[in-house]
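The values are calculated or read from the model by the stated rules, or taken from the named source; none is laboratory data. These figures come from a predicted structure and were not determined experimentally. Methodologically, a virtual Cβ is constructed for each residue, glycine included, from the backbone with ideal geometry; neighbour enumeration extends over all protein chains shown. When the accessible area is computed, the model is the full protein with side chains, heavy atoms only, and any ligands, DNA or RNA have been set aside. Shrake-Rupley method; radii C 1.70, N 1.55, O 1.52, S 1.80 Å.
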Amino acid sequence: MTDKQPYIGRFAPSPTGPLHLGSLYTALASYLDAKSHQGQWSLRIDDLDTPRNLSGAADYILSTLDAFGLHWDGGVTYQSDCIAFYEAELARLINTQIIYPCACSRKTLATDGECYCINKQIDLTVPHAYRVKTDQSLIQFVDQIQGLVSISMAEQADFILKRKDQILAYQFAVVVDDHIKGVNHVVRGCDLLDSTPKQIYLQKLLGFALPVYMHVPVIKDAHGFKLSKQTLAEGVNLKDSQKIIFKLLGLLWQSPPKELYNAPVLELLEWAVQHWNPSALKHRQSIVQG
Ligand code: GLU
């Protein structure tokens, strides 16, 4: 992309629970990066993996962002409303024969570790997944925090674009969504750094423009575990928004002046947009919360 294009960023939480400190950290980083570039900051709810969705979580995420002054631009996009777009792109790939049906079960994969469906005639009347063939190409990109990332696709197994239960895979949906919305800057957690080469591979196959990537550190607890729903990280307390934003700015290696310690959230955010300097995080993949 050229510098002349307006910046379009996004935050894309999955509605699997309330936002914890780690997910709010990513939200704040992507908001600050977008706003410091006079960009748009859009919101997408990644709700395709229905068995993992928690009822009420999407609405609670919206209220949390509001309570923390992180107001998004435009309406909210729900991936579940966009299934026709993903299917259309999938059909395009099926036509080019770069993807193939796969009938492996978890059990067969667990025993063998490999999928051989590419060489088999799959019965399309029974439930099957779709995998994309990987090639020998080298995927390289310069992450704005992590620096040069270089991955050979030869090391990546053919990966799933649509699951056997008919749910479209995250790797695929995210690429189509970012393209449709014209997202040209993706700021997200380092836990997704391994997914990015796969997504770039798909962007190239589909002929989509590549966004600029910035993978911010993940927050770890005192035991070294990433804050996540699996480690039972608590949802942030909406009543403490001011203190939490101040703390998160510290964890983003920004240094708000002490005078702002008790400042209202919007004033803190205004300072943070004006002074946003992600280079302080260079090459960091995790940060332990104090
Ligand atoms: N929905 C994903 C998550 O909550 C993030 C997707 C993305 O930023 O690409 O982990």
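Here is how the numbers come out for the structure above:
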| quantity | calculated |
| --- | --- |
| Exposure ranking of THR111, THR16, THR96 by accessible area [1.4 Å probe, largest first] | THR111, THR96, THR16 |
| Fraction in percent of alpha-carbon pairs per bin - 5 Å, the range 134-189 | 4, 14, 16, 21, 27, 14, 3, 1 |
| Degrees between helix 196-206 axis and first principal axis of the chain (Cα, 0 to 90, nearest 10) | 60 degrees |
| Percent of alpha-carbon pairs separated by more than 32 Å within the chain | 28 percent |
| Euclidean distance between Cα centres, the range 254-276 to the range 91-141, Å | 49 Å |
| For the chain, accessible area per residue (1.4 Å probe, heavy atoms of protein chains only), Å² | 50 Å² |
| Peptides 195-206, 143-154 ordered by average Cβ neighbours within 10 Å, highest first | 195-206, 143-154 |
| Whole-Hz ³J(HN,Hα) from phi, Karplus 6.51 cos²θ - 1.76 cosθ + 1.60, for the range 243-260, glycine and proline x | 4, 5, 5, 4, 5, 5, 5, x, 5, 8, 6, 9, 10, x, x, 4, 4, 8 |
| Cα convex hull of the range 83-178, projected area averaged across orientations, nm² | 7.6 nm² |
| Cβ-placed point charges (K, R +1; D, E -1), dipole of the range 205-262 about Cα centre in debye, nearest 20 | 60 debye |
| Carbon plus sulfur fraction of accessible area for the chain, probe 1.4 Å, in percent | 53 percent |
| Assigned charges on the beta-carbon of Lys, Arg, Asp, Glu; the chain dipole about Cα centre (debye) | 360 debye |
| Phi-based couplings in Hz for the range 147-162 (Karplus 6.51, -1.76, 1.60; Gly and Pro marked x) | x, 6, 10, 9, 9, 8, 5, 4, 7, 9, 5, 4, 10, 7, 9, 9 |
| Unit charges on C-beta of K, R, D, E only; dipole of the range 145-290, Debye | 140 debye |
| Solvent exposure ordering (accessible area, 1.4 Å, most first) of HIS215, HIS275 | HIS275, HIS215 |
